[in-house]
Amino acid sequence: SQTIHQWPATLVQPVGSPLSLECTVEGTSNPNLYWYRQAAGRGLQLLFYSVGIGQISSEVPQNLSASRPQDRQFILSSKKLLLSDSGFYLCALLVAMGVYNEQFFGPGTRLTVL
Amino acid sequence: AQSVAQPEDQVNVAEGNPLTVKCTYSVSGNPYLFWYVQYPNRGLQFLLKYITGDNLVKGSYGFEAEFNKSQTSFHLKKPSALVSDSALYFCAVRDIGVSGTYKYIFGTGTRLKVLA
């Protein structure tokens, strides 16, 4: 079965500092990977998704970027954090279930920008 | 574009009573609909999905959802609520991105509070 790891679990950063959040998956190859942000404990906003190494689709223009350096690694970055970047960041994986598919989520990273 | 709406920010229900968490959808084509649950400071957990077939879908932890095409709704239900069901619930619809891959669009979430 698939496992999603996110690192770190929590992070407190000052405004203007850089950011790197890591998502790694196990138990699958060539996965579709996703980054979501959840602000103030509510709705999820899809930020980026990736269908393969070096392939990134951006959903919303913003202060963040994503990279897929390896098949099972998905990284979310920023050069200079804003206060509005605070939130709960979730990495997700799309799993084929026969002719259908389901999305599974990692444990999340809580980012606080001060 | 596909979208879902969850009209209630919060639902309160007494333990042992039936619960309903509402979701309506707007899609072009056949809807692929999902429910997820999130406990505090955790990732989302899959509950159930509707792809095709029976309108009543059964999922994890005793939850079920009823797909209603005429009302474009996919409400989550449980016959008897437990205090441990208290959590944040998300409805989602599958969409297709510009690269042709699947992406999920989530509702704003409904906080369910089950009172002892």
> If you go through the range A:45-56, how many residues are facing chain B (nearest Cβ under 9 Å) and open to solvent by 20 Å² or more (accessible area, probe 1.4 Å)?
Replying inline: 3
>> Of all residues being closer than 19 Å to B:Cys23 by Cα and open to solvent by 30 Å² or more (accessible area, probe 1.4 Å) in the range B:92-116, which is nearest to the other protein chains (Cβ to nearest Cβ)? Just the residue, please.
In response: B:Thr108
>> Anything in the range B:1-16 that is open to solvent by 20 Å² or more (accessible area, probe 1.4 Å), in a loop (DSSP other than H, G, I, E, B) and of a type in the set (S, T, N, Q)? List them, or say none.
In response: B:Gln2
> All but one of (1) of a type outside the set (Lys, Arg); (2) free of Cβ contacts under 8 Å to residues at least 60 places away in the same chain; (3) out of contact with any Gly (no Cβ under 9 Å at 6 or more places or on another chain); (4) surrounded by 12 or more Cβ atoms within 10 Å (Cβ to Cβ) hold for B:Leu19; which doesn't?
Replying inline: (2)
>> Anything in the range A:91-114 that is within 14 Å of chain B (Cβ to nearest Cβ), touching a residue at least 60 places away in the same chain (Cβ under 8 Å) and either closer than 24 Å to B:Tyr32 by Cβ or outside any strand (DSSP E or B) (or both)? List them, or say none.
In response: A:Cys91, A:Ala92, A:Leu93, A:Leu94, A:Val95, A:Gln103, A:Phe104, A:Phe105, A:Gly106, A:Pro107, A:Gly108
> Which of (1) without any contact (Cβ under 8 Å) to a residue 40 or more places away in the chain; (2) within 27 Å of B:Tyr50 (Cβ to Cβ); (3) within 10 Å of another protein chain (Cβ to nearest Cβ) does A:Gly27 not meet, given it meets every other one?
Replying inline: (3)
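The values are calculated or read from the model by the stated rules, or taken from the named source; none is laboratory data. Everything numeric in this text was worked out from a predicted model, so none of it was measured. Positions of Cβ are backbone-derived with ideal geometry, glycine not excepted, and every protein chain shown enters the neighbour counts. SASA here: full protein model, heavy atoms, side chains in, ligands and nucleic acids out. Shrake-Rupley method; radii C 1.70, N 1.55, O 1.52, S 1.80 Å.
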